[in-house]
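Reviewing the structure listed below.
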Amino acid sequence: MSQGNGHDHHEMSFFRKYIWSTDHKTIGIQWLFTALLFIFLGGGLALMIRMSLARPGSVLDSNYYWIMTMHGTIMIFFVIIPILVGAFANFLIPLQIGAEDMAFPRLNALAYWMIWPSAIIMLASFFVEGGAASFGWTSYPPGTGTEVMSTSGMTAPSGGSGGLGQTLWLVSVFFVGMTSIVGAVNYVTTVVKLRAPGMTYFRMPLTTWSIFITAILAVFGTPVLASGALMLLADRVIGTTFFQPSHDGNVLLWQHLFWFYSHPAVYIMVLPAMGIVSEIISCFARKPIFGYKPMVVAMSGIAGLGFIVWGHHMFMSGMNPVLGMTFMISTMMIALPSAIKTFNWLATLWRGNIQFTVPMCHAIAFVSMFIVGGLSGIFMAATPVDIHIHDTYFIVAHFHYVVFGGTMFAVFGAICFWFPKMFGRMMNSAWGYIHFVVSFIFFNLTFFPMHMLGQAGHPRRIAWSYDVLKDQGYAFLKEYQGMNEFITICAFVLGFAQIIFVLNVIWSSLKGEKAEKNPWKATTLEWSAASPPPHLNWDGKIPTVHRGAYEYGSPEGKDDFIPQDADLTKA
Amino acid sequence: MSATNPSVVQERWGGGNSPYSMSWQKLLMWWFIISDFLIFAGFLAAYGFNRLAVGNANWPDQTEIFHMNFIAAMTFVLITSSATMATAVAAAKKEDSATAKRFLWLTILGGITFLGMQAFEWKGFIEEGARLHTNPWGVPSFSAFFFAITGLHGTHVLIGVIVLLVVTIRAARGRYTAGGIELAGLYWHFVDLVWVFVFGCFYLI
C-alpha cells in the first residue's frame, strides 16, 4: 500500500508536518491560506480602482493602469485558480476517491512551493522603476513589447509603464503556468490510478469529476500560454519581433495564443465551482443530484467547447466575418451544457427537503448569480451586440457575476462545507449568515449597476470618467457619475464584509465547536474519515465503495442517506 | 495499489496488456509529454500564423538557405538514436544490462552528434548575418522563428542527453529499473517526434 515517496509513519517535527509537508491535506490548506492572503491584496487594488472612479483627480488616476492590471492578474492567477485547483483539488481528490495521498506527494509539494517564486517576482514588480505591468491582465502587444525595441535593434528597456514590471509579469505568469501543469498532471494521474476499490469513474463525486476535467483543461491549455509568454518575453528581452508590427510581427498572434489558454482558463475558474455546488446542493436538498451522468457529460462538453471559442474575445480585433460567425455559434453552443447543469441544480432542489445552512445559501447564490452572468454572456457572444458593449463596464459586470458572484460564492460555500473536515471544528454559523447576507446584497449592488454603466458606454480600463469638480471628462458620462459613487460605496461594504469571513475562519479554526465525523450527514468518502483526517486519511483501512455518490433520501438505509462505503448486505 | 483498483474496463479488456495497468510514473510521463508537446504546438502554430500573415511569397525560399542534405543527415542521426533507444529499452526489459548499456551510450552519442550538427548549422547562419531580429533573406521573423523553434528543440535534446547520462550512469552502477529506462525512452522518442514536425513544418513546407 505504499503511495510513492515521502511517507514515514514516525512522528514528524512541526516543521515537517506543517511547512515542508507532502501531505495533500496540509498542502491544500497551505494553498487556501495563500489565496486568502492574496485576495486582500487583489481586493485592496479593486477598492483603489473604485476610489479613482468615484473621485477623479486623485493621485490614483495616474497609477490606474497598473492598479487594474495587477487586480486582474492577482485575482486570477493567485486567488481563484490556486483556491480551486490548488486548495480544494489537493484537499478533496484523495479523500473523495479513497486514496491515502496524491500519486506523487513530493511533486505536489513542489507545485505549491513553485507559486512562491512566482508570487515574489509578481510582488517585486510593484517596486521596480516604472512600476508594475500596466497593460491589463491580457498584456496585449504592441504596448507590452515595444519599449525594448528601437529600429536599430536592441536597446535597454526605457522604463515607463512597459518597463521591467511588464517583463517580471511575464516571468511570473510563466511560472504560475508551470505550477498549474505540475499540479494538473498529478491530479489526473491520481484520479486515474488511485481510486479505492469499487470507486468507478461514474461513482466519483462531481467535485472530483470537475477537478479531473479542469486538470485536463490545464494540461492542454497552459503550455500554449507558456509558449506565448516565452515569445513575448523574447520580444522584450532579446529583441525578436514576433508581435511587433513595426517589423513583420503580428499583434493578433498574441491574442490567439493568449486566449487559446485564457478562455479555457475561464472554465478552469468555474468548473470546480460547479462541482462543489452540485455536491452542496445535493447534500442539503437531501436528494440525489438530478442527472448525475448528464452533469459529467455537460462538464466535459463545456471543457471541449471551451477550446474552440477563444475567438469571441477578438470580435473587435478584426477577423474574417466567416470566422466571427463560427466563433459566435460555437460560443452560443456553450449555453447548452451550461443550461443542462443549471436545470439539473434546479431539479435537484425541486421538492427537496432543503436545509438553508450557510454552505447551502452560498451554493444557491452561486446558481442564481451564475444564471445572471451566463445570460449577460450571451449578449457579448452575439457579434452585433458585442460591437456596442465591447470593452465597456457591461463586460466587467458580466465576468464579475461569473467569477465573484459565481465562483467566489461557491468557494465560500466550499470553505464552510469542508471546514469541519479541514480543521475538525464547525464554523460559526451566525457570523456565517451575516457574512453571506451582507456579501450577497452588496455584491449585487456593486456589480448590477455596472450593466447599466456599460450600456451607457462607460469604457472599462480608463482612469476617470467624469470629474464633477473640474467639470471635465466624457460629457456623456456626467449623469452616471452618481452611479459610480454609489458602486464605490457598495464595493467598500462588500470588501469590508470579507473581514467578517476571515475572522470567522480564524476564530472557528481555533475555538469553534468540535466537529464530528460527518456533521452534514453527507454520503461521500471524505466524511468516513476522522475530522480532521489523520496522515494517510484512514489509518491504512482504505474504504470499499458500494454505490454512487449521492444516495440521499433513500428508503433502504436506516438514516435518510447511505454513505458510499456502507455495505448494506452485511447489515 | 493495482490490486485495490479493480476497474470494470480492465476486466472487459481483451487486447493484451490493458493500458490501465500502466504505472503511475508512465501515466505522468504521458501527460507531461502532452503538455510539452503543446508548447511546441504553440510555437509551430505561431510560426504558421505569422507566415500566412506576411504572405508565403515574402517568406524566404528554404531550399536556397538551408543545406538540405545536412539537415537530412541530422534527421537521420536523431531518428537512428530513437532506434537505438528502443533497442536499449527492449534489452533492459529482458534484463540484458550489457546490451542496454551499450545502446544507451549509442543513443547519447546520437544526441550529442545531433546537438553538434545543430550548433554547426547555427554557426553558419549567424556568420551569414542571421540575427533574432534581422536576417539577409527577407522577413525578420524568419530567423526569429528559426532560432526560437530549433533552439527550443535543441534545449529539449540537451535535457534528454542529460537525463540519459544519469540513467546510463545509474545503470552502470547497477541501480536502474527497466521502467526507469523506458520513461527516459518515452521522453527521447517524444523529442525525436517533435523534430519530425519541426523538420516538416519549418524546413520542408
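The values are calculated or read from the model by the stated rules, or taken from the named source; none is laboratory data. From a predicted model like this one, the values you see are computed outputs, not experimental measurements. A quick note on method: Cβ atoms are made from the backbone with ideal geometry, for glycine too, and the neighbour counts reach across all protein chains shown. Heads up: the accessible areas ignore ligands, DNA and RNA and are worked out on the full protein's heavy atoms, side chains in. Shrake-Rupley method; radii C 1.70, N 1.55, O 1.52, S 1.80 Å.
Could you check, for segment B:70-86, whether at least one of its residues is under 24 Å from B:G174 (Cβ atoms), more than 14 Å from chain A (Cβ to nearest Cβ) and open to solvent by 30 Å² or more (accessible area, probe 1.4 Å)? Yes, some residue in segment B:70-86 is under 24 Å from B:G174 (Cβ atoms), more than 14 Å from chain A (Cβ to nearest Cβ) and open to solvent by 30 Å² or more (accessible area, probe 1.4 Å).
Within segment A:371-381, work out how many residues are open to solvent by less than 20 Å² (accessible area, probe 1.4 Å) and either outside any helix (DSSP H, G or I) or not polar (S, T, N, Q) (or both). Number satisfying all stated conditions: 3.
Evaluated against (1) within 12 Å of chain B (Cβ to nearest Cβ); (2) within 30 Å of A:T383 (Cα to Cα); (3) open to solvent by 40 Å² or more (accessible area, probe 1.4 Å); (4) part of a helix (DSSP H, G or I), A:L230 falls short on exactly one condition, (2).
Of all residues in segment A:1-40 being at pLDDT 90 or above and surrounded by fewer than 19 Cβ atoms within 10 Å (Cβ to Cβ), which is nearest to A:N108 (Cα to Cα)? Among residues in segment A:1-40 that are at pLDDT 90 or above and surrounded by fewer than 19 Cβ atoms within 10 Å (Cβ to Cβ), the one nearest to A:N108 (Cα to Cα) is A:F33. Answer with yes or no whether A:Y65 is part of a loop (DSSP other than H, G, I, E, B) and more than 20 Å from the chain's Cα centre (by Cα). In short, no. Annotation: of all residues in segment A:237-271 being of a type in the set (A, V, I, L, M, F, W, C) and within 7 Å of another protein chain (Cβ to nearest Cβ), the one that is nearest to the chain's Cα centre (by Cα) is A:L257.
So that you can scan it fast, the table gives a plain yes or no per residue for (1) in contact with an Asp or Glu (Cβ under 6 Å, 6 or more places away or on another chain); (2) of a type in the set (D, E, K, R); (3) part of a helix (DSSP H, G or I); (4) buried (at least 22 other Cβ atoms within 10 Å of the Cβ):
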| site | (1), (2), (3), (4) |
| --- | --- |
| A:F501 | no, no, yes, yes |
| A:N504 | no, no, yes, yes |
| A:L510 | no, no, yes, no |
| A:K521 | no, yes, no, no |
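Being more than 19 Å from the chain's Cα centre (by Cα), among the β-branched types (V, I, T) and open to solvent by 10 Å² or more (accessible area, probe 1.4 Å) holds for only one residue in A:I76, A:I49, and it is A:I49. Inspect all residues belonging to segment B:34-43 and state whether any of them is within 14 Å of another protein chain (Cβ to nearest Cβ) and open to solvent by 50 Å² or more (accessible area, probe 1.4 Å). Yes, some residue in segment B:34-43 is within 14 Å of another protein chain (Cβ to nearest Cβ) and open to solvent by 50 Å² or more (accessible area, probe 1.4 Å).
Across segment B:46-59, which residue is nearest to A:Y261 (Cα to Cα) among those that are more than 7 Å from chain A (Cβ to nearest Cβ) and either surrounded by 19 or more Cβ atoms within 10 Å (Cβ to Cβ) or polar (S, T, N, Q) (or both)? Filtering segment B:46-59 for residues that are more than 7 Å from chain A (Cβ to nearest Cβ) and either surrounded by 19 or more Cβ atoms within 10 Å (Cβ to Cβ) or polar (S, T, N, Q) (or both), the one nearest to A:Y261 (Cα to Cα) comes out as B:Y47. When residues in segment A:319-366 are screened for being more than 14 Å from A:F436 (Cβ to Cβ) and assigned to a helix (DSSP H, G or I), 28 of them pass.
Pairs linking a residue in segment B:156-180 that is touching a residue at least 24 places away in the same chain (Cβ under 8 Å) to a residue that is open to solvent by less than 80 Å² (accessible area, probe 1.4 Å) and outside any helix (DSSP H, G or I), with Cβ atoms under 8 Å and 6 or more positions apart or on different chains, are B:V167/B:Y176; B:G179/B:S23.
Scanning segment A:206-227 for residues that are more than 9 Å from every other protein chain (Cβ to nearest Cβ) and touching a Leu at 6+ places or on another chain (Cβ under 8 Å) turns up A:T207, A:T208, A:S210, A:I211, A:I213, A:T214, A:L217. Of the residues making up segment A:555-564, not a single one is hydrophobic (A, V, I, L, M, F, W, C), open to solvent by less than 20 Å² (accessible area, probe 1.4 Å) and touching a residue at least 60 places away in the same chain (Cβ under 8 Å). The set of residues from segment B:144-168 being facing another protein chain (nearest Cβ under 9 Å) and closer than 17 Å to B:F66 by Cβ comprises B:A144, B:F145, B:F147, B:A148. Taking the condition basic (K, R), under 21 Å from A:I489 (Cα atoms) and either touching a Gly at 6+ places or on another chain (Cβ under 7 Å) or open to solvent by less than 20 Å² (accessible area, probe 1.4 Å) (or both), does A:R461 pass? Criteria met by A:R461. Residues in segment A:548-571 that are touching a Pro at 6+ places or on another chain (Cβ under 9 Å) and farther than 22 Å from A:Q355 by Cβ: A:D565 alone.
Restricting segment A:185-194 to residues that are within 19 Å of A:G548 (Cα to Cα) and open to solvent by less than 10 Å² (accessible area, probe 1.4 Å), the residue that is nearest to the other protein chains (Cβ to nearest Cβ) is A:L194. Entry remark, segment A:83-111: residues being out of contact with any Phe, Trp or Tyr (no Cβ under 9 Å at 6 or more places or on another chain), more than 16 Å from A:I19 (Cα to Cα) and within 12 Å of chain B (Cβ to nearest Cβ) number 3 in total. Being farther than 20 Å from A:I499 by Cα, open to solvent by less than 50 Å² (accessible area, probe 1.4 Å) and charged (D, E, K, R), is that true of even one residue in segment A:389-404? Scanning segment A:389-404 turns up no residue that is farther than 20 Å from A:I499 by Cα, open to solvent by less than 50 Å² (accessible area, probe 1.4 Å) and charged (D, E, K, R). Among residues that are part of a helix (DSSP H, G or I), out of contact with any Lys or Arg (no Cβ under 9 Å at 6 or more places or on another chain) and at pLDDT 95 or above, A:A298 is not included. Checking each residue in segment A:279-300 for being touching a Leu at 6+ places or on another chain (Cβ under 7 Å) and either within 17 Å of A:C361 (Cβ to Cβ) or not hydrophobic (A, V, I, L, M, F, W, C) (or both) picks out A:E279, A:I281, A:A285.
The conditions of being over 19 Å from the mean Cα position of the chain (by Cα), surrounded by 18 or more Cβ atoms within 10 Å (Cβ to Cβ) and under 19 Å from A:I276 (Cα atoms) are met by A:M427. When B:A172, B:A148, B:A119 are checked against the criterion of being open to solvent by less than 40 Å² (accessible area, probe 1.4 Å) and not β-branched (V, I, T), a single residue qualifies: B:A148.
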